[in-house]
Amino acid sequence: MSTTTTDGATADAAPAVPEVLRVTGLQTSYQFRGTPVPAVQEFSLSVRPGEIVGLVGESGSGKSTALKSILGMLRPPAEVVADEIVLDGRDLRGLSADEARRVRGGEMSMIFQDPINSFNPAWTIGSQFRRVLALHRPDLRRKEYDAEIIRLLRGVGIDGNGKLDSYPFQFSQGQLQRIMIAVACASKDLKVLLADEPTTSLDVTIEAQVLDLLRTLRAERGLAMVLVTHDLSVVAEMCDKVVVMYAGRIVEVADVFDLFERPQHPYTAQLLRAIPGFPHDGERLYAMRGAVPGLDAQIRGCRFADRCDAKLGSICDTQAPDLYPVGDQGARAACHRVVTDLPTPTVQETSR
Amino acid sequence: MSTPAPDAATALVSVRDLKTHFPVGGGLLAKARGKQQIVHALDGVTVDIMPRETLAVIGESGSGKSTMGRSILRLEEPTSGSVSFRGKDVTSLSREDLRRQRQHMQMVFQNPYSSVNRRNRLVDIISEPLRVHGVGDAASRRARSVELLELVGLNPDFLHRYPHEVSGGQLQRVGIARALATGPEFLVADEPTASLDVSVRAQVMNLLKDLKEELGLTLMFISHDLAVVSYIADHVAVMYLGRIVEVGTRQQLESEPQHPYTRALFAAAPKPDPRQRKTEPVPLGEVPSAIDRPAGCHYRPRCPLAMDICEVEYPRLEQKAHGQQAACHAVPSAPLPAGATALPLTTA
């Protein structure tokens, strides 16, 4: 696979290749009944060209919010604060509205979970595509648009001849998802593709096709990707590096092979254990007890302490762990066990 | 047509050549001209579900798996064919008889939030089937609700909460409690864990398996998630465009899948292990529309094994070498041994 997987993988490791996207100190709050509720806290991310970084977590973990904050898609009353959001050496926070619009879809674009709602149902595919070209492809003249659209569609496996006047409902979900990818990748300056659960609403055989397409795009254009998903199988299939989120914070950052073989945070370990294997061995499924705490919960210690099968003791209830470095390859984990040098035990007891 | 199967007498639910077609598009004019189009959502399914067993039905969207579950319970009216429950024909029951029959056969839905009335407290949601069927008085229904909550692992003080006050996993437990209220023997669960997070999914799956053992339930479990099916199923049926293309025991299908579609489905599913990344090409194309289906075998346009005969003749579902049944011309069939143990399936 990619050559960028094995050597240092995170912000703090000395990168051999400069990162194309760097985010530090990101904090996003939503307003709930007049009070700000933090959805994402102390978030950071580093992505190198050609690298696919997975952003994993369950619902409410803040993974989609983090992605939308990076692209500048959130509007007040949502509040986004960050130390830096640097794309290819330029901090996006200082851009004018006009410049920001050129970056979105130009150098960094996003694809969404639901392809049907991502298109305007009353406009033809061709007209929606042309608008994107008008904004992000100054190299083309107006009459060259259609030929370019057909070329881009061919790149995602769709024969666009005679279909540019079709409406979104005339395509299947899998086709629309591929068209959305073609639209997102229309710009020649594209450096980073943000994908928010791009295959969650698709059937398995179509999912396999879309994942294959994303891999091809990475190989052909050297695109960097941030892939938000709740599905650890998709992470295993696609990613070089993984960021695990829990209740609005990062709990672990690791190379994908290390994450699946030696998870450092108990949440990651328990999450991996909760996935049923295929074929199944007939053993009872491991189930995590309890539920994710609310965003507004006042928690002094570790946010995962109540559900943790590897809890150390009172320190977990009283002191929130930092995101400590693990080893010297840039991996990190927010668990007191990392600094106490205790291994994360493989969980034996099966709880219900 | 179907021949009476040897197991039909002992089966709890027997489905014979069940078809459910939906008319689509076109106004009165198209109807008058006979040009109305038909969606063959379910197109001739024959299957037996044995008492205390779980039949899992897998397939992609549009394969007819949900329509099959709903047609068996007559939440959708089948176009033709029959369903019998303990030998009693359900398809011909009158409305009133069907209502009574539903005490014995219930459904758990995919999305817990959209399958309950959000203005009702959980106690009303759980006891509604009892009220509908006129079981007991208010006090006994309430006592039964507490019992049901405990059965699905929830605290009795949940009774007075509203749906928005509990989590998705908890509300799905409420959905299961409601389905169990009248003490049914047969439960159709349509993707009951698809909308739940990984950590909660395992809890609900364990609960379903426990309840099945404790209460001796017979289950039809509809899912697209192969790992979840592998955990709970005794038999598995694979559907494609309204028909069963392969059916057998879980072990038969998992160790030696015969139909090329089953193999593609198993191969396409991503595995939770980066060392098992896909190296082989992914399956081509998409599921064709159930309105305009390919002639002959419906899987032919995507099939790597397609032959000439596949263009003209839909293959019969017949027994293959490993013991399960599959509908494929390209896979050699095996002679049926005396006293065959496979599910008594016949031509589609």
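If the condition is being of a type in the set (Lys, Arg) and touching a Leu at 6+ places or on another chain (Cβ under 9 Å), then the range A:98-136 contributes A:Arg101, A:Arg102, A:Arg104, A:Arg130.
List the pairs whose first member sits in the range A:42-68 and is in contact (Cβ under 8 Å) with a residue 60 or more places away in the chain and within 12 Å of chain B (Cβ to nearest Cβ), whose second member is assigned to a loop (DSSP other than H, G, I, E, B) and acidic (Asp, Glu), and whose Cβ atoms are under 6 Å apart, counting only residues at least 6 apart or on separate chains? Cβ pairs passing all conditions: A:Ile52/A:Asp240; A:Glu58/B:Asp197; A:Ser59/B:Asp197. Away from every other protein chain (no Cβ under 14 Å), surrounded by fewer than 22 Cβ atoms within 10 Å (Cβ to Cβ) and among the hydroxyl-bearing types (Ser, Thr, Tyr) - does that describe any residue in the range B:177-186? Yes, the range B:177-186 contains a residue that is away from every other protein chain (no Cβ under 14 Å), surrounded by fewer than 22 Cβ atoms within 10 Å (Cβ to Cβ) and among the hydroxyl-bearing types (Ser, Thr, Tyr). Of the residues making up the range A:299-330, those that are under 26 Å from A:Gly25 (Cα atoms) and over 27 Å from the mean Cα position of the chain (by Cα) number 6. Is the range A:152-163 home to any residue that is surrounded by 20 or more Cβ atoms within 10 Å (Cβ to Cβ) and polar (S, T, N, Q)? No, there is no match, as no residue in the range A:152-163 is surrounded by 20 or more Cβ atoms within 10 Å (Cβ to Cβ) and polar (S, T, N, Q). Looking only at residues in the range A:191-203 that are among the hydrophobic types (A, V, I, L, M, F, W, C) and farther than 12 Å from B:Glu286 by Cβ, which one is farthest from the chain's Cα centre (by Cα)? So the residue we want is A:Val192.
Checking each residue in the range B:158-177 for being assigned to a helix (DSSP H, G or I), out of contact with any strand residue (DSSP E or B) (no Cβ under 8 Å at 6 or more places or on another chain), more than 13 Å from B:Ser114 (Cα to Cα) and touching a residue at least 12 places away in the same chain (Cβ under 8 Å) picks out B:Phe158, B:Leu159, B:His160, B:Gly169, B:Gln170, B:Arg173, B:Ala177.
Collect the residues in the range B:188-200 that are at negative phi and either in a loop (DSSP other than H, G, I, E, B) or buried (at least 24 other Cβ atoms within 10 Å of the Cβ) (or both), keeping them in residue-number order. Within the range B:188-200, B:Val188, B:Ala189, B:Pro192, B:Thr193, B:Ala194, B:Ser195, B:Leu196, B:Asp197, B:Val200 meet the criteria. For the range A:264-278, residues that are more than 8 Å from chain B (Cβ to nearest Cβ) and in contact with an Asp or Glu (Cβ under 7 Å, 6 or more places away or on another chain) total 4.
The condition (being of a type in the set (D, E, K, R), facing chain B (nearest Cβ under 9 Å) and over 23 Å from B:Leu196 (Cβ atoms)) is satisfied by just one residue among A:Glu220, A:Glu237, A:Glu261: A:Glu261. Between A:Gly277, A:Gly294, the distinction of being more than 30 Å from A:Met238 (Cβ to Cβ), out of contact with any strand residue (DSSP E or B) (no Cβ under 6 Å at 6 or more places or on another chain) and part of a loop (DSSP other than H, G, I, E, B) belongs to A:Gly294 only. When A:Pro293, A:Pro325 are checked against the criterion of being surrounded by 15 or more Cβ atoms within 10 Å (Cβ to Cβ), within 17 Å of A:Ser61 (Cβ to Cβ) and assigned by TED's automatic domain parsing to the domain that holds A:Gly248, A:Pro293 stands alone in meeting it.
The values are calculated or read from the model by the stated rules, or taken from the named source; none is laboratory data. Since the structure is predicted, the reported quantities are computational estimates derived from the model, not experimental observations. Note that each Cβ is placed from the backbone with ideal geometry, even for glycine, and that neighbours are counted across all protein chains shown.
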